[in-house]
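The values are calculated or read from the model by the stated rules, or taken from the named source; none is laboratory data. These numbers were taken from a predicted model, which means no experiment stands behind them. So basically every Cβ, Gly included, is an ideal-geometry build from the backbone, and we count neighbours across all protein chains shown.
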Amino acid sequence: MESAKRHCSAAEIIVHSALEDEAHVRRAFAAGASGYLLKNSWFQNFTQAVLQVVNGGAAVSPNVVRHFLMRLRRSMPDEMSQAGSTPPKALSMREREVLLLVAKGCLTRDIATELSISAQTVCAHVKSICHKLQVRTRAHAVTAAVSRGLI
């Protein structure tokens with residue numbers, strides 16, 4: 001995966017694996033994966049997952065997301081106090097609307113239609129959300145927002 005990202009940084013990568021332990025999932029996302037699908041888990045269908053990622057979304061098996069949400073809920077308060085970090089900047093009402101639609105699996109163009117804004121504006125909101133939550137991908141933004149009770 002790292003080799004693919006080095007050769008083509010715009011490449012979107014979905015890991016399809018039987019391994020669901022946290023170390024493998026974290027390693028995949030750290031290396032730039034935009035999705036992590038478990039072979040024994042349901043996620044609509046693989047074609048839909050690929051389309052989701054290509055259109056700016058993320059494809060993650062529900063049980064992987066659930067595991068990370070539970071882990072983040074347990075660890076987030078401790079990490080914040082240990083690091084002495086300040087909480088992330090608050091999301092605007094529109095950013096929350098966009099993030100909720102991203103969390104539902106909506107594509108950029110669908111979010112734009114739903115909110116009567118342009119696709120470029122949706123992308124700008126997503127970029128702002130990621131910056132405020134200090135994450136790099138939409139999938140991480142959703143996970144961070146849920147764990148912090150923002151959505």
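What the table below lists for this structure:
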read-out: Number of positions in segment 95-116 that are farther than 13 Å from Ala58 by Cα, touching a residue at least 12 places away in the same chain (Cβ under 8 Å) and aliphatic (A, V, I, L, M); value: 4
read-out: Some residue of segment 108-125 being at pLDDT below 85 and polar (S, T, N, Q); value: no
read-out: Residue count, segment 99-116 (criterion: closer than 16 Å to Gln48 by Cβ and among the polar types (S, T, N, Q)); value: 1
read-out: Any hit, segment 120-128, residues being over 20 Å from Arg26 (Cα atoms), free of Cβ contacts under 8 Å to residues at least 24 places away in the same chain and touching a Lys or Arg at 6+ places or on another chain (Cβ under 8 Å); value: no
